[in-house]
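**Q** Dropping a structure here in structure tokens format, bear with me for questions.
The values are calculated or read from the model by the stated rules, or taken from the named source; none is laboratory data. As the structure is a prediction and not an experimental result, all values here were calculated from the model. So basically every Cβ, Gly included, is an ideal-geometry build from the backbone, and we count neighbours across all protein chains shown. Ligands, DNA and RNA are stripped out before the accessible areas are found, and what is left, the full protein with its side chains, is counted by its heavy atoms. Shrake-Rupley method; radii C 1.70, N 1.55, O 1.52, S 1.80 Å.
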Amino acid sequence: MRTFAAAAVLVLSASAFAQQQGVTRTQRYDQKFTLGAGGTFVIENPLGNIDILGTDEPNVTAVLAKTVVAVDKEAGEEGWAQTKFSITGDENTRVVKVVLPAVRKKKWTSTVAWVLRVPRSVHVKVHSGASERVRISNIRGNVFVKNVNGNIVLQNVGPATADSVNGTILYDALRPSANANLSTVNGHVHVVVGPDANFSWNAETLTGDVLSTLPVRGSYNGTSYSGRVNAPGGPTINATSMMRNVYFLRRGTQPPQAASVRTSSIADLPSGGPPVIGPARPVNVQQVVQGSYIYRTNIGDVRVREVRGNARIATGAGLVELGTVVGNAYVTSQGGPIHLGEIFGTIEASTHGGDILVDAAREGGRITTDGGIIRVLYNGGPTTLFSGGGDIVVRQAAGPVNAETRSGDISITVDPNVRSQRVDAKTAKGNVVLNVSPRFGAEIDATILTSDSNANTITSDLQGLSIRKEEYGGKTRIRATGKIGSGGEKVTLTTEDGGIQINSRATTPMTVIRPRQ
């Protein structure tokens, strides 16, 4: 068995590659490397399926298939040579990465599909760009999965966090034994458990519904539903889908059999304790406010469906949920999440501890959280976003974006109707992903400061960038500059010990508006 202290050279298996019509080439690789029990396994794969199975065997066994599809033989050779593997670390932490070039001179695409067997006691971290699936089974350690496009399947795992932008999440456990956090923007969340499982659950969806084939005991708080299954205690499962449905299913049942928890009757449920009836803290609920609205409370939730003027809300601790605001919105919370619908004026929103979700920031504004995730589905004006420790996601940027996080990933998708847009994205520890249309133009300045230049790279689907590396303060600075498309606004992307991706694909404009209740 071979131990790798630096980047490893993968050994070819006996299987031969196939080359069809000079444009497709596939090669299988088999590899083994050491990883101790209780260690950490990390894999970063821009494109391709990932299957990870926990076993009682020591170390890691990997079977992978590298495929390159190109317009001609010359392009295929370039793609084959520039799709590289990096395996680094030691017996405590093993990192596997697929490295792609920042600039492609020829037209080609490559995928790498992985099947891995790892000790079931290890911790697993997966960063995937696009795939049909990422599947992880029988892992007792912590599991973390971030996937931009594709489904996530978790089966019989320990503490788990799964985050997808465009994909459904399936969490399957006969008896959940650890907390799970499952979040997707444009996919469903399916939680499948045994009939005698004991756990608490929190579910949230903006435009979908929460449905279940399990006995339901809980209540709604705005767009969030909190409840429990069977006896009190047990782990907590948090499930969020912005645009689709959240399902809690008894094993053996299917989603079409599920009923909305909004219409479930407590009288039909088996005994096992009183239902959870609403939050303990005070709640201020307003439907339609004519003119401006001002409200301040030391402790309490605030929910307003529509304000036909400016809105100014402050709470010392609690949820703030606003639907439509015709004017400006000024919202602060000392400790709670903020949910904003369609804001026609500017936004000033801040919280010291909680996530912030904005459906539509028509005129932009400033949004900050000291320790949470920021998600903006649409911005039409200059928007500044800051998180002290969470991801930042902008689903459709029709206005300039300035995003910064101290610890987390940044994902910005530029409105496909925009030919050029100013973007400034900076993370101190995480990845930066910029999604643009094929006709997008800009002046790019992308910089990575890293201690592992083989693992952290800059990749771009658009041509026009030149890359250089230099030593800087004991680390390597990788910088890509140049004009993409026909040029235009300045786009600055910066990260430390993370990767930068510039993706180009055709998308359909979408403006999401919170439905009125």
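**Q** Around LYS483, with a cut-off of 12 angstrom between Cβ atoms, what is the net charge of the other residues, counting Lys and Arg +1 and Asp and Glu -1?
**A** Spelling it out: positives minus negatives among the neighbours equals -2.
**Q** I would also like to ask the following. Quick check on packing: order 23-35, 325-337 by the mean number of other C-beta atoms within 10 Å, highest mean leading.
**A** Packing proxy ranking, top to bottom: 325-337, 23-35.
**Q** If one takes the longest principal axis of the Cα atoms in the chain, at what angle in degrees, from 0 to 90 and to the nearest 10, does the Cα axis of helix 73-82 lie?
**A** Once rounded, the angle reads 70 degrees.
**Q** Now for a different question. Would you mind telling me the share, in percent, of accessible area of the chain contributed by carbon and sulfur at probe 1.4 angstrom?
**A** 49
**Q** Below 15 angstrom from the Cβ of GLY79, what's the summed charge of the other residues (Lys, Arg +1; Asp, Glu -1)?
**A** Result for the neighbourhood of GLY79: +3.
**Q** What's the extension gain from ASN181 to LYS106 if we count 0.36 nm per residue and subtract their Cα-Cα distance?
**A** Between ASN181 and LYS106, full extension yields an extra 22.9 nm.
**Q** Can you tell me the relative contact order of the range 55-104? Whole percent, Cα pairs under 8 Å, sequence separation 6 or more.
**A** Once normalised by length, the contact order is 23 percent.
**Q** Hey, got the dipole for the range 283-383? About the Cα centre, +1 on K and R Cβ, -1 on D and E Cβ, debye to the nearest 20?
**A** About 180 debye.
**Q** In addition: Using a 1.4 Å probe, what is the accessible area per residue for the range 137-194, in Å²?
**A** So the range 137-194 comes to 30 Å² accessible per residue, rounded to a whole number.
**Q** Tell me, what ³J(HN,Hα) does each residue in the range 83-90 have, in order and in whole Hz, if you take phi through Karplus 6.51 cos²θ - 1.76 cosθ + 1.60 with θ = phi - 60° and put x for Gly and Pro?
**A** Whole-Hz 3J(HN,Hα) from phi for the range 83-90: 8, 10, 10, 9, 10, 10, x, 9.
**Q** Give me the percent relative contact order of the chain, please, defined on Cα pairs under 8 angstrom at least 6 residues apart.
**A** 8
**Q** GLN463 to GLN254: extension gain in nm, 0.36 nm per residue of separation minus the Cα-Cα distance?
**A** 70.6 nm
**Q** Give me, ordered by chain and number, the residues 5 or more places off ASP497 or on other chains with an amide H under 5 Å from its own placed amide H.
**A** LEU449, THR450, SER451
**Q** Would you mind working out the accessible area per residue for the range 299-437, using a 1.4 Å probe, and quoting it in Å²?
**A** 29
**Q** Excluding LEU53 itself, what net charge comes from residues whose Cβ is under 15 Å from its Cβ, given Lys and Arg +1 and Asp and Glu -1?
**A** Net charge around LEU53: +2.
**Q** Compute the Cα gyration tensor for the range 318-419, then decide on rounded, prolate or oblate, letting a ≥ b ≥ c be the square roots of its eigenvalues: rounded whenever a/c is under 1.5, prolate when a/b is larger than b/c in the other cases, and oblate in all that remain.
**A** oblate
**Q** Ok, one more. Amide H to amide H, which residues 5 or more places from LYS107 or on other chains are under 5 Å from it, using H placed in the peptide plane?
**A** VAL71
**Q** Taking amide hydrogens as modeled 1.01 Å from N in the peptide plane, which residues meet the under 5 Å criterion relative to ASP424, leaving out close sequence neighbours?
**A** VAL401, ASN402, ALA403, THR492
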